[in-house]
1. Could you give the length gained by full extension between residue 195 and residue 211, i.e. 0.36 nm per residue of separation minus their alpha carbon distance, to one decimal place?
2. Divide by every residue of the chain the summed helix terms, -39500 (n - 2.57) for each DSSP H run of at least 4, and state the resulting mean residue ellipticity at 222 nm, rounded to the nearest 500 deg cm²/dmol.
3. Set the Förster distance to 35 Å, then compute FRET efficiency between residue 19 and residue 97 from the Cβ-Cβ distance, nearest 0.05.
4. Which loop-located GluC sites (Glu not before Pro) does region 120-215 contain, where loop means any DSSP state but H, G, I, E or B and the Cβ has at most 10 other Cβ atoms within 10 Å?
5. Starting with the fewest neighbours, write out 130, 23, 188 ranked by other beta-carbon atoms found within 10 Å of each beta-carbon.
6. For region 1-77, run through the GluC sites (Glu not before Pro) and keep only the ones in DSSP coil with at most 13 other Cβ atoms within 10 Å of their Cβ.
7. Show the residues, 5+ positions off or on another chain, whose built amide H is closer than 5 Å to the amide H of residue 40.
8. List the trypsin sites (Lys or Arg not before Pro) within region 95-199 that DSSP assigns to loop and that have no more than 10 neighbouring Cβ atoms inside 10 Å.
Amino acid sequence: MQNPPTRLMLVTPPVADADAMAFRLMQAQAGGDVAAVVLRLAAGDERSLIERVKRLAGPVQAANVALVVEASALVAARGGADGVHLTGGVEAIAEARSSLKGERIIGAGGLRARHDAMDIGEAGVDYVMFGEPRPDGSIPPLPAVIERATWWADIFETPCVAYAPDADAVPALVETGAEFVALGEWAFEEGRDIRTLVAEANAAIAARAARKAAK
């Protein structure tokens with residue numbers, strides 16, 4: 001059976017101004033296919049976090065894009081998001097599964113080793129992410145991310161996300177066969193043409209698909 005083509009995810013910087021982010025996401029979606037947005041939230045009380053999620057859920061989902069929030073299951077559910085992105089390991093996954101009762105996406109990142117990824121996969125997540133920035137802001141080496149995403153995509157059924165540290169890395173990550181490639185906080189920097197970044201990433205995906213179809 002032929003694997004489905006890779007699709008894009010967007011991982012936002014920590015969002016305090018939901019309206020400003022809604023505009024940036026609209027620009028991004030104008031560049032082509034986006035499967036999902038992982039929304040990271042700036043610090044705030046529970047009510048303000050929920051309100052930010054609510055403000056973004058409508059426009060994101062109206063474009064048939066899933067909104068996954070890096071927050072508690074409660075914030076995601078009350079905000080109307082499609083799921084949560086968690087980095088707290090197996091225990092956090094189990095807690096979210098109990099709370100969300102299979103009604104929303106549960107994704108996982110912060111995976112440091114192969115056995116971490118396998119443990120998380122067995123916990124029943126909907127995707128695993130490789131290569132996102134560490135808590136200290138450092139970025140895993142690109143060759144290591146390529147190796148990990150290729151390994152996972154070749155062996156496991158649970159979808160994986162390969163996080164691109166910059167635009168130049170996108171074509172190599174597409175070649176891993178990962179179900180998703182993520183454009184992260186760097187894509188939202190002031191002065192960046194996020195519409196063009198999304199269009200170029202989709203072009204890299206289409207080019208790989210065309211090469212595979214020609215074989």
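1. 3.3 nm
2. That comes out to -14000 deg cm²/dmol.
3. So, using R0 = 35 Å, E works out to roughly 0.60.
4. Numbers: sites: 122, 147, 157, 175, 179, 185, 189, 190, 200; in loops: 157, 175, 179, 189, 190.
Of the GluC sites (Glu not before Pro), the ones in loops of region 120-215 whose Cβ has at most 10 other Cβ atoms within 10 Å are 157, 189, 190.
5. Values: 130 25, 23 12, 188 21.
Arranged by neighbour count, lowest to highest, 130, 23, 188 become 23, 188, 130.
6. Passing sites in region 1-77 do not exist.
7. 12, 15, 70
8. 101, 112
Only the coordinates and a few stated rules stand behind these numbers; no lab work does. Keep in mind that this is a model prediction, so the values were computed, not measured. Counting neighbours? That spans all protein chains shown, and the Cβs are built from the backbone with ideal geometry, glycine included.
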